[in-house]
Amino acid sequence: MTNEEKVLKVKCENSLLFYARYIYKEVHGRNFAISPHFIEVANTLERVYNGEITRLIINIPPRYGKTELAIKIFVSWCIAKANSSKFIHLSYSDALALDNSAQTKEYIQSDSFQRLWGMDLKRDAQSKGKWFNEFGGGMYATASGGAITGFGAGSTTINEGFGGAIIIDDPLKPDDAFSEVKRKTVNERYNNTIRSRVNSRETPIILIMQRLHEEDLSGFLLDGGSGEKWEHLCLPALDTDNKPLWEQKHTFKELEQIRQANRYTFAGQYMQTPAPDEGGEWRKEWFEIVDLNTLPSNLRWTLLIDGAYTKNTKNDPTGLQIGTKHNGNYYILSSIDKYMELPELVKFIPQHIIASGVNVSMSKVEPKASGKSIAQLIRNQTRLNISEIKTPFVNSSKIENARMSSPYIEGGRVKLIRGNWNAHFLNQVGTFPNAKHDEHVDLTCYGIEDTFMNNSRIEIR
């Protein structure tokens, strides 16, 4: 090794970003574009290597270089410095994970890498998904839902310095973001399987992704879902002064065009705030707010119940909506949510009806397991007239129901009675399906279906 190469080697090992510029140009024949956000990411990843961070979440827009820098370049840099480092790499797609693994291996096998850090890969390391060097370092790559057996990330010895990491890149496909089942599967997979694949408590876990939903893996972990403390590097496409994160990629005008085309996509994937202030399936301005005294006093109202009896605020609350039909419109007197255990809830419902000040002649409950229990106890313990909500909406997807209901809301046929519940209600329905909870959306859909699409009517004249 020449003196020049020795100096180059030291500079690469001392700076991830210097190494990135070197190896990228050597392998690809073009410069590695440097933006301020790359500096932030590189500096943060260096802190991971130095043992300052063991749990890291990086939220960044799509196609902003996260995979290149935080996986392919970072892993090869770590192996150059700590030859025996063991990595597990996960992504939503097996093909993506394998491709990232293969390109990482390509960096290590390149003449430019070998000239400075000569190391052999084992003869059986031809697989994209699992490969090792002569020191035992290497990578196991698979889909985030795939099997992880017989391999752990990191060093088995504590206080021995960096020994590898688990790196999760986009664990949830954008098309799956609105599926509660698929979100929960990914989140539970982290707790039940992924986090256990570390060889010691010092092994870092890095999650890199664009935000897709309030309850995606980033949201789940930042909300304490794993019980771990996470360092969070959040990089929105626009800062508070509307300055683009990477102007070479997107100018302010281009980002505004993306925003106007799809506010959900922009809010989540680009701004890392997956609950936009407006837009979505329903818009806040579609709901007219009127005073109760503009309606006749002899109307009969119906209480709709979306039951979820629990005091745990991490779960869904019970939704309670009082509504009626009048002059071809659906009026909502109130729509609230409560975190209560079942006995407390059954006691509260009659009190809530009395406090409403209107003639609530009927109560209907969503026929889930919890709803059936609520209905049974109310029949046994009160004189309320209660039945199950009978509508195709109960068995349809929430988004489909919302879209079928949209014409009635946009047409001004769903009105809110003025009250202190209005803001909370509008915030949830105006951000659906990105909002954390959706009980008010469900209840409004049931009320609309019962009012406009069903032969049975809420109002009895």
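The values are calculated or read from the model by the stated rules, or taken from the named source; none is laboratory data. Given the structure is predicted, the values throughout are model-derived calculations rather than measurements. Methodologically, a virtual Cβ is constructed for each residue, glycine included, from the backbone with ideal geometry; neighbour enumeration extends over all protein chains shown.
Before moving on, here are some points about what is shown:
- Among the residues of the stretch 204-248, those identified as more than 16 Å from LYS184 (Cβ to Cβ) and of a type in the set (Phe, Trp, Tyr) are TRP230, TRP246.
- Hits in the stretch 1-27 (condition: part of a loop (DSSP other than H, G, I, E, B) and either surrounded by 13 or more Cβ atoms within 10 Å (Cβ to Cβ) or at pLDDT 95 or above (or both)): SER15
- Test: residue in the stretch 188-195 that is over 26 Å from ALA82 (Cα atoms) and charged (D, E, K, R): yes
- None of GLU46, GLU40 is surrounded by 15 or more Cβ atoms within 10 Å (Cβ to Cβ), part of a helix (DSSP H, G or I), charged (D, E, K, R) and touching a helix residue (DSSP H, G or I) at 6+ places or on another chain (Cβ under 6 Å) except GLU46.
- Condition met for LEU16 (at negative phi, in the same structural domain as TRP131 (by TED's automatic domain parsing) and in contact with a Phe, Trp or Tyr (Cβ under 6 Å, 6 or more places away or on another chain)): yes
- Test result for ILE205, at pLDDT 95 or above and within 27 Å of MET139 (Cβ to Cβ): yes
- Subset of the stretch 249-275 (residues that are assigned to a loop (DSSP other than H, G, I, E, B) and among the polar types (S, T, N, Q)): THR251, ASN262, GLN272, THR273
- Of all positions in the stretch 71-87, none carries a residue that is at pLDDT below 90, of a type in the set (Lys, Arg) and surrounded by fewer than 24 Cβ atoms within 10 Å (Cβ to Cβ).
- Test set (1) in contact (Cβ under 8 Å) with a residue 24 or more places away in the chain; (2) part of a loop (DSSP other than H, G, I, E, B) - GLY219 fails condition number: (2)
- The residue that is surrounded by the most Cβ atoms within 10 Å (Cβ to Cβ), counting only those in the stretch 166-186 that are touching a strand residue (DSSP E or B) at 6+ places or on another chain (Cβ under 6 Å) and aliphatic (A, V, I, L, M), is ILE167.
- Here the condition is being over 24 Å from SER15 (Cα atoms) and either of a type outside the set (S, T, N, Q) or at pLDDT below 95 (or both); of SER93, SER155, it holds for SER93 alone.
- LEU56 vs. criteria surrounded by 18 or more Cβ atoms within 10 Å (Cβ to Cβ) and in a helix (DSSP H, G or I): no
- The stretch 204-234 - residue that is closer than 21 Å to LYS66 by Cα and polar (S, T, N, Q) and, of those, surrounded by the most Cβ atoms within 10 Å (Cβ to Cβ): SER218
- Number of positions in the stretch 297-311 that are outside any strand (DSSP E or B) and not hydrophobic (A, V, I, L, M, F, W, C): 6
- For the stretch 208-261, filtered to residues that are under 25 Å from SER196 (Cβ atoms) and of a type in the set (D, E, K, R), the residue that is modelled with the lowest pLDDT is GLU215.
- ARG30 vs. criteria without any contact (Cβ under 8 Å) to a residue 60 or more places away in the chain, out of contact with any strand residue (DSSP E or B) (no Cβ under 9 Å at 6 or more places or on another chain), in a loop (DSSP other than H, G, I, E, B) and assigned by TED's automatic domain parsing to the domain that holds ASP223: yes
- Subset of the stretch 101-118 that is out of contact with any Asp or Glu (no Cβ under 8 Å at 6 or more places or on another chain) and of a type in the set (Gly, Ala, Ser) - its residue that is nearest to LYS72 (Cα to Cα): SER101
- Qualifying residue in the stretch 125-142 (condition: modelled with pLDDT under 90 and within 30 Å of LYS6 (Cβ to Cβ)): yes
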